[in-house]
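The values are calculated or read from the model by the stated rules, or taken from the named source; none is laboratory data. Because the structure is a prediction, the values reported are computed rather than measured. Here the Cβ positions follow ideal geometry from the backbone for every residue, glycine too, while neighbour counts run over all protein chains shown. The area values use the complete protein model at the heavy-atom level, side chains included, leaving out ligands, DNA and RNA. Shrake-Rupley method; radii C 1.70, N 1.55, O 1.52, S 1.80 Å.
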Amino acid sequence: MINIALPKGRLGEKVYAMFEAAGYDCPSIKENNRKLIFENAEKGLRYFWVKPSDVSIYVERGAADIGVAGKDILLEYEPEIYELLDLGIGKCRMAVAAKKDFRDNGERTLKVATKFANIARQYYARLGRDMDIIKLNGSIELAPILGLSDVIVDIVETGTTLKENDLEVKETVVPISARLIVNKTAFKFKTAQIERIVRDMKEQVKTDD
Ligand code: PRP
């Protein structure tokens, strides 16, 4: 049995569609109910819906053999897993944003509000910039508007949230997309099965041209 952790929500549905197209279908998953675990015994597959930011925990600890997580989560939590494939979906970027008139003159400690404290810390450390990281859990865009921070480090997808709050991107930190991740022990003992899944999923990845 291969256990696969899918990120609950819109991204997860796209991910499941890729697994399905690759031949790893599990029809019961499409029944509209509140169940979290679905099995295709014939194919030896078990899927479960996990909060997106928890997928790497399930995979790291072996409760799932395979999972799909955003690169943002992998960079932030640095789980001990193998990242085997960029699925080319869930594309967005991690960016520094601020009020339009904000200019960093480097004179005083930069106040940075973010859900991604580790990513933000590493980014400014590389730049040699003094920072005060303010860890928030959501609605990050409020922070510079209310003067809680100078900038935010957050995910930008369409840019609508920033625009509607009169903020703008100042710098891109890193591009983000969904990655197929694998538990290290599972990869050792189920190598052939997992490599086959990765190969079949790779065929479903759409390349930009
Ligand atoms: C994310 C991110 C931004 C928004 C960006 O928030 O934190 O707020 O999406 O998307 P956009 O560029 O397309 O507007 P999410 O919906 O995950 O909610 P939260 O951060 O408030 O939890």
Would you grab the residues whose amide H sits under 5 Å from the one on M131? Only those 5+ places off in sequence or on another chain, please, with H modelled 1.01 Å from N. L110
For a test of the definition: using alpha carbon positions, the gyration tensor, and the 1.5 limit on a/c, classify the stretch 88-177 as rounded, prolate or oblate. oblate
The percentage of the accessible area of the stretch 4-152 (probe 1.4 Å, all protein chains present) made up of carbon and sulfur atoms, to the nearest whole number, is 48 percent
Can you give the FRET efficiency for K43 and E80, using 1/(1 + (r/R0)^6), R0 = 25 Å, r = Cβ-Cβ distance, to the nearest 0.05? 0.35
With every protein chain present, what is the per residue accessible area of the stretch 57-209 (1.4 Å probe, Å²)? 56 Å²
Just to confirm the number: angle between the C-alpha axis of helix 10-21 and the first principal axis of the chain, 0 to 90 degrees, nearest 10? 30 degrees
Relative packing of peptides 35-42, 19-26, 51-58 - highest average C-beta neighbours within 10 Å first: 51-58, 19-26, 35-42
Given the Cα-Cα distance of K202 and N118 and 0.36 nm per residue of separation, how much length would full extension add, in nm? 27.3 nm
For the chain: relative contact order, % (alpha-carbon pairs under 8 angstrom, 6 or more apart): 27 percent
Kirkwood-Stokes translational diffusion coefficient of the chain, alpha-carbon pairs, 20 °C, 1.002 mPa s, µm²/s: 116 µm²/s
Could you give the angle, 0 to 90 degrees to the nearest 10, between helix 117-127's Cα long axis and the longest principal axis of the Cα atoms of the chain? 60 degrees
Could you list which residues have their amide H under 5 Å from that of K170, counting only those 5 or more apart in sequence or on another chain, with H placed in the peptide plane? V96, A97, A98
Taking a ≥ b ≥ c as the square roots of the Cα gyration tensor eigenvalues, with a/c under 1.5 meaning rounded and otherwise prolate when a/b beats b/c, else oblate, which class fits the stretch 1-47? oblate
What does the extension gain come out to for A125 and R61, with contour length at 0.36 nm per residue minus their alpha carbon separation? 20.1 nm
Using a ≥ b ≥ c from the Cα gyration tensor of the stretch 134-209 (square roots of the eigenvalues), is it rounded, prolate or oblate, where a/c under 1.5 gives rounded and otherwise the larger of a/b and b/c decides, a/b for prolate? prolate
Pairwise FRET efficiency - K135 versus K170, Cβ, R0 = 22 Å, nearest 0.05: 0.65
